[in-house]
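One structure is given below, encoded as structure tokens.
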Amino acid sequence: MNSKQRVHASLRRQPTDRVPIFMWFHPETTAHLSGLLEIPASHVAEAMGNDVRMTWVNNNYAMEGIVHERDGESHVDFWGIEWVKEGPFNQIAHFPLADATPDQVLEYQFPYDHFDDLIDLMKPVAAQADEYFVGCDVSPCVFEMYWRLRGLENTVLEMASERELTQEMFRRCADFAVKLSVAACDRYPLDWLWAGDDVASQLALMMSPQTWREMIKPELARVFAVGKERGLWVAYHCCGALRPIIPDLVEIGLDVLNPVQVGCPGMEPVELKREFGSRLAFMGGVDTQDVLPHGSADDVRRGTAALIEGVTSDGGGYILAASHTVPPETPDANIFAMYEVAGISREEILDRAAEIRRRLDGALR
């Protein structure tokens with residue numbers, strides 16, 4: 001069973017040779033595994049058995065796809081947002097619409113002149129479509145895209161005080177995500193369309209569920225519809241406690257929810273499976289705050305086994321992933337213990353890394 005077959009079978013609740021995996025590593029964890037396995041960081045996901053290949057074509061590319069070496073280095077993206085490296089990640093240093101008047105906000109132009117540059121980011125991923133499950137990430141789609149332009153505090157306040165302006169800008173954010181989605185779906189052999197909008201903290205939604213339903217849900221539904229109309233799976237990423245809007249996400253066509261951030265109210269994976277499992281698949285749920293970085297290898301084995309058993313109770317509907325990036329303080333033994341339970345031994349990972357080294361050495365000769 002190759003990776004593409006494995007993920008599709010799991011999402012259809014059909015038997016698989018092992019649980020599919022799409023693990024996200026903290027940059028420092030990736031660097032550590034790169035040294036441990038003696039392979040370039042860009043090949044770590046392959047060595048570790050990731051079954052999904054995906055990249056960003058919307059603003060998340062500017063946040064995660066442009067990597068700086070030193071703290072303080074920065075860039076201004078196609079949207080006019082300035083990003084600066086702080087620690088392992090890029091953070092926003094300047095919101096282009098932070099001080100804009102309402103008229104100036106409405107004059108803002110999304111980067112349609114860079115549209116093909118963004119869509120072309122999918123080319124290397126699409127080249128792997130025969131073997132791997134291929135996705136296109138068009139996030140952030142609505143709320144998160146707008147606050148990256150306007151600032152989070154401004155956006156939340158203006159959802160009440162400047163409702164018409166904010167709704168119009170949400171619509172324009174979604175318009176851009178929809179156009180990216182259409183182009184990606186039409187140009188590349190995708191297996192899923194990945195949308196995203198962080199609208200929750202670790203305790204609750206950043207707005208009332210009713211406000212989300214009125215202002216954001218209709219726009220997000222337009223993005224989902226692009227994938228659904230083409231027969232693709234639709235996945236959605238939102239960190240935090242989004243339990244109140246999960247039924248709404250299912251209603252507008254969601255197939256796969258990520259990252260299932262355990263420890264947040266209402267986000268216990270097995271409970272979510274019990275309530276929504278007949279209509280929704282899950283990706284995530286491995287505890288990256290406690291068990292994975294701080295437990296013993298046996299704790300990780302027990303926790304991972306219980307998670308997989310609980311969220312595959314109907315025969316599938318699950319992709320193994322962490323509830324956030326695997327943190328750098330995670331012991332090697334715990335990482336390998338998690339993979340062992342998933343059906344990938346340390347020896348298999350080491351053998352795959354050795355094969356990558358041989359392939360790369362051959363390409364240099």
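Here are a few things to note about the model shown:
- 14 Å beta-carbon shell around ILE245, net charge (K/R +1, D/E -1): -4
- Length added when fully stretched, LEU157-ASP290, from 0.36 nm per residue minus Cα-Cα: 44.4 nm
- The local environment of TRP233, defined by Cβ-Cβ distances under 11 Å, has a net charge of +1 under the rule Lys, Arg +1 and Asp, Glu -1.
- Listed candidates [x] 69, 50, 39; [y] 99, 46, 42; [z] 61, 51, 39 - label of the one calculated as Cα extents along the principal axes in Å: [z]
- Dipole-positive endmost among LEU157, ASN59, VAL250 within the stretch 57-251 (Cβ charges, Cα centre): VAL250
- When you filter the GluC sites (Glu not before Pro) in the stretch 83-170 for DSSP loop state and at most 12 other Cβ atoms inside 10 Å of their Cβ, you are left with GLU131.
- Sequence-distant residues sharing a close amide H with PHE282 (under 5 Å, placed H): LEU257, TYR318, ILE319
- Computed with the Debye formula from one identical point scatterer per Cα of the stretch 57-251, without solvent, the log10 of I(q)/I(0) at q = 0.10 Å⁻¹ comes to -0.41.
- Farthest towards the positive end of the charge dipole of the chain, among the residues PHE89, PHE110, GLY227, is the Cα of GLY227, using unit charges on the Cβ of Lys, Arg, Asp and Glu.
- Hz values of 3J(HN,Hα) by residue in the stretch 244-258 - Karplus curve (6.51, -1.76, 1.60), Gly and Pro given as x: x, 9, 4, x, 5, 5, 4, 4, 8, x, 5, 10, 9, 9, 9
- Cleavage-rule hits (trypsin sites (Lys or Arg not before Pro)) in the stretch 249-351: DSSP loop, at most 16 neighbouring Cβ within 10 angstrom: ARG279
- Across the stretch 1-55, Cα-Cα pairs more than 14 Å apart make up 55 percent of the total.
- Under 13 Å, Cβ to Cβ, from CYS141 - net charge with Lys/Arg +1 and Asp/Glu -1: 0
- For the chain, the longest principal axis of the Cα atoms and the long axis of helix 163-187 meet at an angle of about 40 degrees.
We did not get these values from a lab; they are worked out from the coordinates using the rules stated. In this text the structure is predicted, and so the values were computed from the model without any measurement. Glycine gets a Cβ as well: all are built from the backbone with ideal geometry, and neighbour counts include every protein chain shown.
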